[in-house]
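Undergrad: First, the structure itself, so that you have it in front of you.
The values are calculated or read from the model by the stated rules, or taken from the named source; none is laboratory data. The model shown is predicted, which means the values in this text are computed figures rather than measured ones. In this analysis, Cβ positions are derived from the backbone assuming ideal geometry, glycine residues included, and neighbour counts consider all displayed protein chains.
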Amino acid sequence: MQDKDKTKKQLIDELEKIRNRLADLRALPAEHILVEKTPCDSEEIYEHFYKSNPHPMWIYDLETLAFLDVNDAAVQHYGYSREEFLSMTIKDIRPPKDIPLLLENISKVTKGLDIAGTWAHLKKDGTLIHVEIVSHTLTFAGRRAEIVLAIDITDRGKAEEALHESETKFRRLTEAAFGGIAVTEKGKFIDVSDQFAVLFGYKRSELLGTYAVDLIVPNARSEAMAKMKSGYDRPYESLCLRKDGSTFPVEVCGKNYYSQGRELRVTAIRDITERKLTEETLRESEEKYKTVTESSLTGIFIHQDDRFIFVNERFAEMHGYKTQELLGKDHLGLIHPDERETLRDIAAKRLKGKIGPERYEVRRLRKNGETIWCEMMATRIFYRGRPAIMGNIIDITERKRADHALMEKESQLEIKANALEESNIALKVLLKRREEDKAELEEKILLNVKELVIPYLEKLKKSGIDEQQRTQVRILESNLNDITSSFSHRLSSKFLNFTPTEIQITNLLRQGKTNKEIGELLNSSERTVAFHRENIRKKLGLKNKKTNLKSYLLSFS
């Protein structure tokens, strides 16, 4: 599970533990409760997680719909006093037009978790708000009831932050209550929680796009598919397959909903292997003495008068201490010196009831002096009748290091990119200079041939030489013209596999010489010239074609 998901897991875990604890406490005689309360503050801790929860929570009677209990956040958020709430029913905070749908929804309530979705509520002053409702059944004061968590999502001005927080809380609620959550569309996974992937032995990316029924043993797939297609929303048991082929029993709870015009199904799942193998009485005994903080994956603390009065094992572990070492220690001693004054001011304002930052990043100190980065959330509570600060932290050191490394890498890449750009500019200058030098050299060669060679050839033609020598001179003059023309560049690639004799014959053919004339000039037989001529056609790809060889060669001029 990633750090950003841990706080959410704690939130739903709180709902489950509150429900169990309240049920246990209401079932005990008063004298038993007093006996337990003396050696253990677990009841008081539960009261804080319920009474001081920053989100509105209440318990209502499933038959009469009357409010049985509300927390401080509900009183503050809705504007009713506690006494007013306890004289009302849950219909009194609903718009009249929504009451039939409310009653229909309550009639379908089954034992366990219910993700009811988004509902409209009315505050005492008539303000209409929209809340996401998650609830869980329990027995309260001998009555069949539900404990409800309401998350106000009215303020859409906080768009992405509010949406993300809602999704995160939803994921944590379901994961804490079950162990894993998945969202499917037409039977395929479009999202799964990290805990869900771990439960089946997969990476999250391996599950996305696959069919959900592939995780169920073959003989149970038809039943599961029928429940998914029908929108079945009650808990049921099934047998699932892990990646390694092993099987394990699970409890499944799914619900269909619509999002942006798409029909999706959210499914919560938990491994019930231990429940199947353990006696029911033993499981109840373990849950009775298990507190929210003992199973939390985040560091949880309470400090009062600037000293720790409670820390969980995870909090102590993150700072390199044992829990007993931190009790009574100044909480600012674990804060980096550069941030102590800021944290002192935030805590002082919060103890006075002033609103402070809900979530912030802070540097903290381990026992060995090492600095760690943490994301911190805190709220004011009343512990043993006096104000205190309760909060939780998540270690984000690795994320901070990764961010820093990424920034350094980007800086290095920018430096290299600038250097590469400068090198490219220099290379372009060199290439341009090379082309200029090449052009200058070609111009000098051409000028030298025209000034130093051609004049002497002209004189040689006018001297007393015989016809054969005159022909040789003309050939020499023609070859010089070819060397200094673009023909040689275009022709060179065609003649790379020509023999020296074939190249001579090629040049004579371009000048219109016959086989007999070529033979006389090269001191070869006419038959030998014909043989070479046939090889030239073959190498030029003209064999068995009617293309005139002389015309083809002249096309390169």
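Undergrad: If you take the residues in the range 102-129 that are in a loop (DSSP other than H, G, I, E, B) and surrounded by 12 or more Cβ atoms within 10 Å (Cβ to Cβ), which one is modelled with the lowest pLDDT?
TA: Let us first name the residues in the range 102-129 that are in a loop (DSSP other than H, G, I, E, B), namely 108-112, 123-127.
Those left that are additionally surrounded by 12 or more Cβ atoms within 10 Å (Cβ to Cβ): 109, 112, 123-124.
Values: Val109: 86, Gly112: 81, Lys123: 96, Lys124: 96.
Only one residue fits best here, namely Gly112.
Undergrad: Let me ask something else about it. For the range 389-403, check the following and say yes or no: at least one residue is surrounded by 19 or more Cβ atoms within 10 Å (Cβ to Cβ), charged (D, E, K, R) and within 20 Å of Glu313 (Cα to Cα).
TA: yes
Undergrad: Within the range 512-557, track down each residue that is without any contact (Cβ under 8 Å) to a residue 24 or more places away in the chain, in contact with an Asp or Glu (Cβ under 7 Å, 6 or more places away or on another chain) and among the hydrophobic types (A, V, I, L, M, F, W, C).
TA: Across the range 512-557, there are no qualifying residues.
Undergrad: Follow-up question, since we're still on this one. Sort out for me the helices (runs of 4 or more DSSP H) sitting completely within the range 184-277 that have 1 or more residues that are free of Cβ contacts under 8 Å to residues at least 60 places away in the same chain and among the charged types (D, E, K, R).
TA: Values: elements: 194-200, 204-207, 218-230, 273-277.
Counting at least 1 such residues, we get 204-207, 218-230, 273-277.
Undergrad: Assess whether Lys108 counts as being basic (Lys, Arg) and either in contact (Cβ under 8 Å) with a residue 60 or more places away in the chain or in contact with a Ser or Thr (Cβ under 7 Å, 6 or more places away or on another chain) (or both). Explain how you work it out, then say what you get.
TA: Working: basic (Lys, Arg): yes; either in contact (Cβ under 8 Å) with a residue 60 or more places away in the chain or in contact with a Ser or Thr (Cβ under 7 Å, 6 or more places away or on another chain) (or both): yes.
Answer is yes for this residue.
Undergrad: Let me ask something additional. Please tell me if Glu279 is in the same structural domain as Ala226 (by TED's automatic domain parsing) and modelled with pLDDT of 85 or more. Working first, answer last.
TA: On the way: in the same structural domain as Ala226 (by TED's automatic domain parsing): yes; modelled with pLDDT of 85 or more: no.
So Glu279 does not fit the description; no.
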